[in-house]
C-alpha cells in the first residue's frame with residue numbers, strides 16, 4: 001500500500017507501533033522513536049529500522065528527528081492507554097496524549113516533504129467519561145483540523161496488545177488466581193493487532209485530509225461470556241470474580257458519536273467521518 005517512503009512512527013516500541021514497524025519496514029525506510037529503551041532496542045534488532053530512544057514531549061527531540069529524517073509519512077502511535085491509571089494521574093495523559101501529539105503535529109506542518117499524518121485514537125474517545133478518552137478525543141481534533149494530509153483512525157480493544165484483557169486473564173490462569181471481570185454486562189469491541197495495523201495503513205493511503213476513520217469492528221463482545229469461553233477452551237477450573245467497574249470505565253463503548261454516525265460514509269472496512 002505505502003512503498004518507498006520515509007515513515008516516522010512515534011511510540012514504535014508499543015504493541016501497535018511495533019507491528020506497524022514490522023509491516024512497513026519491508027518496503028519503506030522507517031524511523032521509530034520510543035521512550036521505552038528496552039522495547040525500542042528489541043524492535044530495532046528485530047526489524048532493522050532506524051530510530052532513537054527519546055521523548056516526543058520534548059520539542060527539541062521532535063525537531064531533531066524531522067530535520068534529520070524528513071519524514072513523508074508520520075504515524076502517531078505513542079499514548080498512555082490505561083483508563084484507571086490516567087484517572088489518578090491526569091497530567092500524564094494530557095502531556096503524552098495531547099501535548100506530545102501537538103509537538104509532532106506542529107513540527108510536521110513546517111516541512112514540505114510531509115504527505116500523510118495519521119493519529120491513532122481509541123473508541124474511548126467517544127462519549128468518554130475518562131481522562132484517557134478525553135485526551136484521545138483532543139488528539140483527534142488537533143489532527144483532523146490541520147486539513148490536507150492529516151487524519152485520525154479510531155478503533156476498539158486490540159487482542160494480545162500489551163496490557164490487554166486476554167493477556168491479563170492468561171497470567172491469572174497460570175498463577176491459579178480468579179479471572180477478574182468488572183461487570184457481567186460489560187461489552188467491548190475487539191480486533192487483532194495485525195488487522196488494526198493493516199487498516200491504519202489503508203487509512204493513511206486513502207486519506208485526503210480532515211477525516212476520522214472508524215474501523216468497522218462488527219458487534220461488541222460481552223466480557224463475562226468471553227471469560228467463560230476462555231476457561232472452557234483452556235480446560236481450567238479458575239473461578240470468574242466480579243470486581244466492579246473501575247474509575248473512568250463504562251459498561252459500553254461506542255465507535256461513533258450519534259451525530260457522526262448520521263453523516264459517516266461506509267467504505268470497505270471503514271466508516272469515514274469528514
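All of the numbers you see were taken from the coordinates with simple rules; none came from a lab. In this text, all values refer to a predicted model and were calculated from it rather than measured experimentally. Every residue, glycine among them, receives a Cβ derived from its backbone with ideal geometry; neighbour counts consider all protein chains shown.
Taking the Cα centre of each part, how many Å lie between region 113-153 and region 202-216?
So the separation of the two Cα centres works out to 11 Å.
Taking Cα atoms, how many degrees apart are the long axis of helix 59-69 and the longest axis of the chain, rounded to 10 and kept between 0 and 90?
Helix 59-69 and the main axis of the chain meet at about 60 degrees.
Between the helical axis of 15-24 and the dominant principal axis of the chain, each derived from Cα atoms, what acute angle in degrees is found, rounded to the nearest 10?
Here the helix axis deviates by roughly 50 degrees.
Using a Förster distance of 25 angstrom, determine the FRET efficiency expected from the C-beta separation of residue 208 and residue 159, and round it to 0.05.
So, using R0 = 25 Å, E works out to roughly 0.20.
Beyond 17 Å, what percent of the Cα pairs of region 78-213 remain?
Cα-Cα pairs in region 78-213 separated by more than 17 Å: 64 percent.
Evaluate the Debye formula for the chain with equal point scatterers sitting on the alpha carbons, no solvent, and hand back log10 of I(q)/I(0) at q = 0.13, 0.14, 0.15, 0.16 Å⁻¹, in q order, two decimals.
The calculated log intensity ratios at q = 0.13, 0.14, 0.15, 0.16 Å⁻¹ are -0.86, -0.99, -1.13, -1.26.
Order these by the 10 Å Cβ neighbour count, fewest first: 89, 213, 80.
Going from sparsest to densest Cβ surroundings: 89, 80, 213.
Quick check: pseudo-label points 7 Å beyond the Cα along Cα→Cβ at residue 60 and residue 268, how many nm apart are they?
4.2
Quick check on packing: order 60-69, 95-104, 233-242 by the mean number of other C-beta atoms within 10 Å, highest mean leading.
Peptide ranking by packing, descending: 95-104, 60-69, 233-242.
Just grab the label-to-label distance for residue 198 and residue 225, each label 7 Å out from Cα along the Cβ direction, in nm (one decimal).
Going from the residue 198 label point to the residue 225 one covers 2.6 nm.
Please report the antiparallel percentage of the DSSP beta bridges confined to region 89-209, to the nearest 5.
Here the antiparallel bridges make up roughly 10 percent for region 89-209.
Using Cβ contacts closer than 10 Å as the measure, can you line up 24, 226 from fewest to most?
Fewest to most other Cβ atoms nearby, the residues stand as 226, 24.
Calculate how steeply helix 193-206 sits against the longest principal axis of the alpha-carbon atoms of the chain, using the helix alpha-carbon long axis, and give the answer as 0 to 90 degrees to the nearest 10.
30
Give the order of 137, 22, 154 when sorted by the count of other beta carbons within 10 angstrom, beginning with the fewest.
Least to most surrounded, the residues fall as 22, 137, 154.
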